[in-house]
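Structure record follows, encoded as structure tokens.
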Amino acid sequence: MKYRMDPTKQTTDVLVIGAGMAGLIAAAELQRAGRRVLVLDKGRSVGGRLASRRIDGATFDHGAQFITTRDPRFAAVLEQGRWSGTMEEWCRGFAGSVDGHVRWRGKPSMSAVAKHIALGLDLHLEMPVVALRRAGERWSAETAKGLTFTAGAVVLTPPVPQSLALLDAGGIVLPMEMRSRLAAIEYERCIAVMAVLEGPSRIPPPGGLAPAEGPISWIADNQLKGISAEAAVTIHATHVFSLEHWERERQESGRELLHAAAPWLGARVKTFQVHGWRYSKPMRVDKEPCVLVAQSPPLVLAGDAFAGPRVEGAALSGWAAAETILTTRRDS
């Protein structure tokens, strides 16, 4: 239910900013606990780095390539995804390093994982938040579209530098120790190339490998992986290459990476696109699964920078954030 006394304002119990894995898990958990929850995200779709794209007849996973799990609670989520048809086992290791540990993939692609978790949530996509302010005993999120969302609690899940920028824009001053701790979290950058090939690649089954040297950290065959009808490869550059080439024209960087990938391509490139992940993976993870920035009204930061730089870490952080909100509201 939405309350709209002013058409430019909406209010809810909990506002979740960011519809990546951490935000979706937190929102779903809070909604199950009986809270009214709104989720805002600047993107056109949910999932964050659980991202997929189509180019002509080819499909690419160009963000997170697979999901692993060691936590029983998250493993249960993946099993539910298997039964719902939105997840399946991809492999148990790659050529030369088969370790028996399951790598899961989304079905038909990685974005399906996030879309499944998002079912039933009140989502507002293409809704970039520009500032988060304290409004008495509530929080107020201002968007680039001129809308304002108020809530009794907020879960903030963008990459930490973006979250800090929202707080700065709203005049929220953090304790010095907390500010320093959060500002120390840095992220790897990643330039990703999506290339449609005229024929099969030379990447060995099951379709992924991590070169030991050079500018490429990962290369995957999306057709072998089972998500693309046409021959299509995803190339992820190393952090060093991505940082050095970040300000260069993207197609130029893409051509350089395709040249480096030539031994594994095996076919002519028909077309390609390039995407830059500014916050690909945290290089340093905080010691806590989430951070309670303010207790009354509650404001919690969550994401893969708090519980581990993997999809599972983001999910665990989302659960921790939801529990923190619920506990804090009970105690306040």
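Nothing in this text is a laboratory measurement; each read-out follows from the coordinates by a stated rule. Here the structure is a predicted model, which is why all the values come from computation and not from measurement. Please note: Cβ atoms are built from the backbone with ideal geometry, for glycine as well, and neighbour counts cover all protein chains shown.
Key figures
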{"item": "Efficiency of FRET from Cβ geometry, Arg179 and Glu137, R₀ 25 Å, rounded to 0.05", "result": "0.60"}
{"item": "Order of Val130, Val160 - criterion: other Cβ atoms within 10 Å of each residue's Cβ, fewest first", "result": "Val130, Val160"}
{"item": "Considering only the chain, percent of DSSP beta bridges that pair antiparallel, nearest 5", "result": "75 percent"}
{"item": "Debye intensity ratio I(q)/I(0), log10, segment 197-332, q values 0.09, 0.13 Å⁻¹ (C-alpha model)", "result": "-0.42, -0.70"}
{"item": "GNM top mover of Gly47, Gly34, Gly81 - the chain, alpha-carbon springs below 10 Å", "result": "Gly34"}
{"item": "Reciprocal mean inverse distance between Cα atoms of the chain - Kirkwood radius, Å", "result": "20.6 Å"}
{"item": "Fewest-first ranking of Glu142, Glu177, Glu186, using other Cβ atoms within 10 Å as the exposure measure", "result": "Glu177, Glu186, Glu142"}
{"item": "Percentage of interatomic Cα-Cα distances in segment 212-278 larger than 21 Å", "result": "23 percent"}
{"item": "Cα pair distances of segment 101-245 binned at 10 Å [whole percent]", "result": "9, 25, 26, 24, 13, 2, 0"}
{"item": "Relative contact order computed over the chain (Cα-Cα under 8 Å; 6+ residues apart), in percent", "result": "21 percent"}
{"item": "Stokes-Einstein D for segment 1-147, Kirkwood Rh over Cα pairs, 37 °C, 0.692 mPa s (µm²/s)", "result": "193 µm²/s"}
{"item": "Likely footprinting exposure, Asp168, Asp286, Asp61, fewest C-beta neighbours within 10 Å first", "result": "Asp168, Asp286, Asp61"}
{"item": "Nitroxide proxy distance, nm - points 7 Å out along Cα→Cβ at Lys270 and Arg44", "result": "2.1 nm"}
{"item": "Proximal lysine pairs, the chain, alpha carbons under 28 Å, eight or more residues apart or interchain", "result": "20"}
{"item": "Segment 59-138 - Rg over Rh from alpha carbon coordinates, Kirkwood radius", "result": "1.13"}
